[in-house]
Amino acid sequence: MEQVLSRNSAIAELVKSPHGDLDAYAPLATRFVAEDPEFFAHLVAWNHLKGSIRDAKLALPILGTKSENPELAQNGYAHLALASPRDFLRGCEWARKGSHAGSNSKLRELVAQYLDFRLKDTHRAFRAILQHRKSLKALHAQYHVKPTEWVERVLFRGENIGPNALLRSLTTLTDREAAEVIVRERIPFLLLPQALGPRLKSTPLVMALIESMSAAELAANTKMLQKLGIDTVPELRSAYREAVGRHS
């Protein structure tokens, strides 16, 4: 019974939010990795599927890589690789600075494999670069991963091809044409102010912005959307409410 209670307590502690402080997971997680590694590996897998705390989905897999069992350590690396480039970079930086990962060489190998998977296929790379340009550049630079020629041209030289060309093409389109592209290509909203400037206040473009946003983006950027008219323009107010309802 004591072990069951201990596991229940661990689950409660290890999946709560420390509000960005990944170090908060280390003491208890390190203990369970050493004392009950199979339980911890199952917790990492369960939390990836059922958990809602982003910090836990980063810290727990990384701490799991310190298991002395190679298969259980690999479980940690595999779950870390499921993170978005932004979160993956954050996790790797935390692992490296705090020596939280099982092996720095394994971590470097994982980064190379991660970038190869994300950027080898041109279509997948197109989406990844649109959404995570800064993180992908940082991963290449910090871990000395040589990019492919296409990635070098797009990500590092900024040549007018691929996603760079798509963003620049928005300036030549009408507002309605640009709105169609934004929705079709799911262009991240953070890129649009720079690409469109004052035109972003256009109703068709704000509509496209709302439609392309995730639930988290809608919640985090309500004030910006209010400045763009969701409280004053009936069409935008309706679109915003529909989007919130769709994600709830």
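The values are calculated or read from the model by the stated rules, or taken from the named source; none is laboratory data. It should be emphasised that the depicted structure is a prediction, and the values quoted were computed from it without experimental measurement. Reconstructed Cβ throughout: ideal geometry from the backbone, glycine too, with neighbour counts over all protein chains shown. Note: areas computed on protein heavy atoms with side chains; ligands, DNA, RNA excluded. Shrake-Rupley method; radii C 1.70, N 1.55, O 1.52, S 1.80 Å.
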Residue ID - most open to solvent (accessible area, probe 1.4 Å), chosen from residues in the range 37-76 that are more than 14 Å from ALA10 (Cα to Cα) and of a type in the set (Val, Ile, Thr): ILE53
Just a yes or no: is a residue in the range 46-69 farther than 20 Å from LYS106 by Cβ, part of a helix (DSSP H, G or I) and touching a residue at least 60 places away in the same chain (Cβ under 8 Å)? no
Name every residue in the range 1-20 that is assigned to a helix (DSSP H, G or I) and either buried (at least 17 other Cβ atoms within 10 Å of the Cβ) or not polar (S, T, N, Q) (or both), in order of residue number. GLU2, VAL4, LEU5, ARG7, ALA10, ILE11, ALA12, GLU13, LEU14
Complete set of residues in the range 192-221 that are within 20 Å of the chain's Cα centre (by Cα) and outside any loop (DSSP other than H, G, I, E, B): LEU192, LEU209, ILE210, GLU211, SER212, ALA215, ALA216, GLU217, LEU218, ALA219, ALA220
Counting only residues that are at pLDDT below 90 and either surrounded by 17 or more Cβ atoms within 10 Å (Cβ to Cβ) or in contact with an Asp or Glu (Cβ under 6 Å, 6 or more places away or on another chain) (or both), which one in the range 210-220 is farthest from ILE187 (Cα to Cα)? LEU218
Residue that is nearest to GLY91 (Cα to Cα) [pool: residues in the range 21-36 that are free of Cβ contacts under 8 Å to residues at least 60 places away in the same chain and open to solvent by 40 Å² or more (accessible area, probe 1.4 Å)]: ASP21
List every residue pair whose Cβ atoms sit under 6 Å apart, with the two residues 6 or more apart in sequence or on different chains, where the first one lies in the range 143-157 and is free of Cβ contacts under 8 Å to residues at least 40 places away in the same chain and the second, anywhere, is assigned to a loop (DSSP other than H, G, I, E, B) and of a type in the set (Asp, Glu). ARG153/GLU159
